[in-house]
Amino acid sequence: MSDKVKIEMKVNGLALVFEPNITAYNKLINELALDSKVAPSAQYLRRIIHQDCKDALETVLKTPGAGIKLMGKVNEIYAPDLEIEVKN
């Protein structure tokens, strides 16, 4: 995957542009815990949002569950499933 990824989307009519990267993604994975998902998700999104969209992201994050849903959608695009075949 290229180092420079740009994911553009509209959420509740607001334009958001995310620029995920491997460092931010790995930090998210390391921060997620069984009892802590909301705060790490929001922090991850704040790390990867384009500067011009920061205010729009903060507006969206006020909606319950938005951080988790957005994080999931961004990572679905950024880190798609791998096809893994195990040979014995």
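The values are calculated or read from the model by the stated rules, or taken from the named source; none is laboratory data. All figures in this text were calculated on a predicted structure; none of them were measured in a lab. So basically every Cβ, Gly included, is an ideal-geometry build from the backbone, and we count neighbours across all protein chains shown.
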Please go through segment 26-40 and pick out each residue that is touching a Pro at 6+ places or on another chain (Cβ under 8 Å) and assigned to a helix (DSSP H, G or I).
LEU28, GLU31
Of everything in segment 62-78 that's among the charged types (D, E, K, R) and either surrounded by 10 or more Cβ atoms within 10 Å (Cβ to Cβ) or in contact with a Phe, Trp or Tyr (Cβ under 9 Å, 6 or more places away or on another chain) (or both), which residue is farthest from VAL38 (Cα to Cα)?
GLU76
Expected single match for in a helix (DSSP H, G or I), touching a residue at least 60 places away in the same chain (Cβ under 8 Å), closer than 21 Å to ASN12 by Cβ and not β-branched (Val, Ile, Thr) among LYS69, LYS54, LYS73 is LYS73
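Do the conditions hold for VAL5, that is, is it at pLDDT below 95 and in contact with a Phe, Trp or Tyr (Cβ under 7 Å, 6 or more places away or on another chain)?
Yes: the conditions hold for VAL5.
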Scanning segment 11-39 residue by residue, the ones that are without any contact (Cβ under 8 Å) to a residue 40 or more places away in the chain, closer than 17 Å to HIS50 by Cβ and surrounded by 14 or more Cβ atoms within 10 Å (Cβ to Cβ) total 4
Output the number of the condition that ASP81 fails; it satisfies all remaining conditions of (1) at pLDDT 95 or above; (2) surrounded by fewer than 18 Cβ atoms within 10 Å (Cβ to Cβ).
(1)
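Residue by residue, here is whether (1) in a strand (DSSP E or B); (2) small (Gly, Ala, Ser); (3) over 19 Å from PRO80 (Cβ atoms) holds:
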| site | (1), (2), (3) |
| --- | --- |
| VAL5 | no, no, no |
| LEU16 | yes, no, yes |
| ALA24 | no, yes, no |
| ALA42 | no, yes, yes |
| ARG47 | no, no, yes |
Kindly evaluate THR63 against the criterion of being among the β-branched types (Val, Ile, Thr), touching a residue at least 12 places away in the same chain (Cβ under 8 Å) and assigned to a helix (DSSP H, G or I).
no
